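J.: One structure, pasted below without further comment.
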Amino acid sequence: MRYINNRLNRKSKKGITLPELIVSVLFTAVIVSAAVSMWFVGGKIFDDTAEVSRIYSQARSFETMFQNAASVAPSLVFTTTTSSSEGDFFNALPEGKTESEYFRFFYNEKRESFCVSYYTAGNSAPMMIEYDALDDVSDVLVGFTTAGDKVLMEYKLAQQEDGSYFIEGGIVLNYAEAGTYPAMRELDYNLYFHVTHGL
């Protein structure tokens, strides 16, 4: 009987103390806050990466259109509404030419994006491609240099925060005649490539 009474008189040690509870709650809070902060950082990195990917993809598409138009065009024209001492800028297309004969690359100030317009066979309205990821006039730089009877068109696309560009390239314009061409500058004018068929 004494043996049973001793068992009944012992204190139970199966519960937890207040300090243990506080430590476990603090430990859980640290784990949860670390997980939440990692989730937010991961989301920010994902968003940043998605934006960079969108810009790069649109810059590549713009470059493809640019190179295709430049490679098949027998001539090019620069037009602008602002006066410039650099390059053969015109207020309008050459006499007898209509916009339907050209690929037009320009910056749309109202929509804050670069655009390409061109006409397809049988359509009286132009097709328009808008590159809304290229949303600043400094996102597209175009310049021309001459070497003998050759004209090289160089370009830089999609300016990054550090001032560098995602894409840089160039193409020799075999059809271009000697003349005064714009040096490397923002594409704040209309660049027309004369084409006789769609790309």
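No lab work stands behind these numbers, since they all come straight from the coordinates. Every value quoted in this text rests on a predicted model; they were computed, and no experiment measured them. We place every Cβ from the backbone using ideal geometry, glycine too, and count neighbours over all the protein chains shown.
J.: Is there a residue being farther than 14 Å from Phe105 by Cα, among the small types (Gly, Ala, Ser) and in contact (Cβ under 8 Å) with a residue 40 or more places away in the chain anywhere in the stretch 120-128?
T.: Of all residues in the stretch 120-128, those farther than 14 Å from Phe105 by Cα come to 120-125.
Pick out the ones that are also among the small types (Gly, Ala, Ser) and you get 121-122, 124-125.
Cutting the leftovers down to in contact (Cβ under 8 Å) with a residue 40 or more places away in the chain gives us 121.
Yes, there is a match, as at least one residue in the stretch 120-128 is farther than 14 Å from Phe105 by Cα, among the small types (Gly, Ala, Ser) and in contact (Cβ under 8 Å) with a residue 40 or more places away in the chain.
J.: Just checking, how many residues over the stretch 130-173 are aromatic (Phe, Trp, Tyr) and either assigned to a loop (DSSP other than H, G, I, E, B) or within 19 Å of Thr49 (Cβ to Cβ) (or both)?
T.: Applying the first criterion (aromatic (Phe, Trp, Tyr)) to the stretch 130-173 yields 131, 144, 155, 165-166.
The next check asks that each one be either assigned to a loop (DSSP other than H, G, I, E, B) or within 19 Å of Thr49 (Cβ to Cβ) (or both); those that pass are 165-166.
Adding up the residues that qualify gives 2.
J.: Kindly evaluate Gly163 against the criterion of being over 22 Å from the mean Cα position of the chain (by Cα) and exposed (fewer than 15 other Cβ atoms within 10 Å of the Cβ). Outline the logic, then answer.
T.: Working: over 22 Å from the mean Cα position of the chain (by Cα): no; exposed (fewer than 15 other Cβ atoms within 10 Å of the Cβ): yes.
Considered against the rule, which asks whether it is over 22 Å from the mean Cα position of the chain (by Cα) and exposed (fewer than 15 other Cβ atoms within 10 Å of the Cβ), Gly163 comes out as no.
J.: Here is a further query. Out of Ser124, Ser117, Ser138, Ser100, I need the residue that is over 27 Å from the mean Cα position of the chain (by Cα), closer than 18 Å to Asn190 by Cα and of a type in the set (Ser, Thr, Tyr). Which one? I'd like the intermediate steps shown before the answer.
T.: Details: Ser124 fails: closer than 18 Å to Asn190 by Cα; Ser117 fails: over 27 Å from the mean Cα position of the chain (by Cα); Ser138 fails: over 27 Å from the mean Cα position of the chain (by Cα).
One residue alone meets the criteria, Ser100.
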